[in-house]
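Taken together, the values in this text are just the output of simple stated rules run on the coordinates, not laboratory data. Remember, predicted model here, so these are calculated numbers, not experimental data. Counting neighbours? That spans all protein chains shown, and the Cβs are built from the backbone with ideal geometry, glycine included.
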Amino acid sequence: SPTVFWFRRDLRLDDQPALCAAAQGAPGVVGLFVADDALLQPSGAPRRAFLAGSLAALDERMGGRLLVLHGRPETVVPRVAAAVGAAAVHAAADFGPYGRRRDQAVEQALAEQQIEFVRTGSAYAVAPGRVRKPDGTPYSVFAPFHRVWLQHGWRAPATSAAGVAFVDPGDVHAGRRYRIDSLAAPVPASTELPQPGEAAALERWQHYVSGVAGYGEDRNRPDLNRTSRMSPYLKWGCIHPRTMLADLARHRSAGAEAYRRELGFREFYADVLLHHPDSPRVSLDPVIDRLQWDSGPTVDRYLQAWKDGRTGFPYIDAGMRQLLAEGWIHNRVRMGVASFLIKDLHLAWQIGARHFMQHLVDGDVASNTHGWQWVAGSGSQAQPYYRIFNPIGQGERFDPDGDYVRRYVPELAGVPGKAVHRPWDLPGGLPDGYPAPIVDHAAERAESLHRWEQRT
Ligand code: FAD
């Protein structure tokens, strides 16, 4: 009888060891995706649209044989396995807090029917938990983790599973098939999403890696837009980092090395999450959660202004509007807008992290949580001082001609050059429709430092 392969965040056929394992010795494979409300409900429209597009591309590559069902995995997966008489369900291991809980429940439900749950590989080059100090404990700082991660090494990409014989879902009587397009919530027509799917991921990557020697030079310049934008594809596993690491090894340049280091960051954060499964809610450094944070109607108004990109700080507003328009923000600007929420508006980082998770196409619990914790001063990167980004200075430094701001803030489109970062100083006053700054940065910076000094 066939086996079942359960797709989760690995929506591809190439470099897919778990699928190869499912196919080995089996007359056919049922390719299953479960539309799980626990994951879908907190996902905003852009992420759902990208997911739906990637599933549609996968289904096409599988000759229309992807079985999509809606429901709780611990009910749906065993039902499908039983319906086809499978002896095993295969998947790649998931190391996130929800994924681990879910997989335990599924494993138990399968075991009750004597069906094996086999996990092969993960979404990482080195599975979280593998890189450890000589005494067996995990690393809490990136640099030593990175060294050991490089020494650990990883497998070469797996062979393509494109030849696998997928079972026609019409022959699987385990519930009504779910339409892939009903996964997608409507996105505003102006939203610009990346082309979803495995082929698009490979195409973008191959194009990018050919010029990767230049990575690093301009990676802090949101106006130049020269980072790879591979994050949504990595999030959904339209490409595996092994494929990318193998290509980077062939390129041997400082740029390739810098890029590999960023992939290492992604793996580090997944490792931290494995060892701190409550980190999406709780600061790694408990001091941060004990600082004084604001709440109430005034801050609710501030929070709304931040979400809408109407804080009156052009660089911050451009970032937040990029999030609404594209479901993505440049890394440098993510740091800036996060710092603004935490240190100028005095809101707890968890509030901002939740908003990001809803809107980011690449929203990933590990990278998002620890990106926010880092900005909050709680992350695993020990910092000797309480860092506060200047929302105006950051714009002038990383968007020196103001092109980034003008791209996303139409009210300021007519303001030339870097004057766009200080619209309140324009001779004609603030351009029509653009707000005055909602707070005074110098005062709020002093307030943040004061609260930090009062920490307990
Ligand atoms: P590139 O510069 O081309 O980097 C290549 C790849 O390396 C990325 O696709 C990503 O997988 C990885 N990478 C790069 N920088 C980081 C980093 N700092 N941490 C972890 N991985 C990294 N990244 C996410 O994938 N999902 C998130 O939800 C997320 N939330 C973030 C929240 C905050 C507050 C901050 C400061 C950062 C966050 N990041 C997140 C990390 C980073 O901003 C994005 O990975 C990056 O901007 C993606 O764009 P890119 O693919 O063009 O990056």
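Could you work out how far apart the two model spin labels at SER210 and TYR98 are, taking each label as a point 7 Å from the Cα in the direction of the beta carbon, and quote it in nm?
About 3.8 nm, to one decimal.
Could you work out Rg/(2.2 N^0.38 Å) for the chain, with Rg from alpha carbons only?
1.03
Using 0.36 nm times the number of residues separating THR191 and ALA38, minus their current alpha carbon distance, what extension gain do you get?
Difference between extended and current length: 52.6 nm.
Rounded, prolate or oblate, given the Cα gyration tensor of the stretch 1-122, with a/c below 1.5 counting as rounded?
Because a/c hits 1.5 or more and a/b fails to exceed b/c, the stretch 1-122 counts as oblate.
Give the separation of the Cα centroids, the stretch 38-78 to the stretch 210-266, in Å.
27
Taking the Cα atoms of the stretch 286-453 alone, what are Rg (to one decimal) and Dmax (as a whole number) in Å?
Computed over the Cα atoms of the stretch 286-453, radius of gyration and Dmax are 15.4, 48 Å.
For the stretch 289-346, place one equal point scatterer on every Cα, skip the solvent, and apply the Debye formula. What is log10 of I(q)/I(0) at q = 0.28 Å⁻¹?
Computed log10 I(q)/I(0) values: -1.14.
Relative to the first principal axis of the alpha-carbon coordinates of the chain, what is the inclination of helix 45-61, with its axis defined by its Cα atoms, in degrees from 0 to 90 and to the nearest 10?
30
Want the number for SER253 to GLN304: 0.36 nm per residue separation, take away the alpha-carbon distance, what's left?
Length difference between fully extended and current span is 14.0 nm.
Check the chain and count each lysine pair with an alpha-carbon distance under 29 angstrom, considering only pairs eight or more places apart or from different chains.
Values: LYS133/LYS235; LYS235/LYS307; LYS235/LYS343; LYS307/LYS343; LYS307/LYS418; LYS343/LYS418.
Eligible lysine pairs with Cα atoms under 29 Å apart amount to 6.
Say each of LEU150 and ALA246 gets a label point 7 Å from the Cα, pointing the same way as Cα to Cβ; how far apart are those two points in nm?
Going from the LEU150 label point to the ALA246 one covers 2.2 nm.
In the stretch 361-456, what is the volume of the convex hull around the alpha carbon atoms, normalised per residue and reported in Å³?
Values: hull volume 14.0 nm³, N = 96.
Taking the convex hull of the Cα positions in the stretch 361-456, it is 146 Å³ per residue.
What is the calculated FRET efficiency for ASP440 to ALA82, with r their C-beta to C-beta distance and R₀ = 41 Å, to the nearest 0.05?
Working: r = 64 Å, r/R0 = 1.56.
So, using R0 = 41 Å, E works out to roughly 0.05.
Full-extension gain between ASP425 and GLU217, please, as 0.36 nm times their residue separation minus the C-alpha to C-alpha distance.
Roughly 71.7 nm would be gained on extension.
I need MET230, MET357, MET320 ordered by Cβ neighbour count within 10 Å, fewest first. Write down the numbers at each step before the final one.
Values: MET230 22, MET357 19, MET320 26.
Going from least to most buried by this count: MET357, MET230, MET320.
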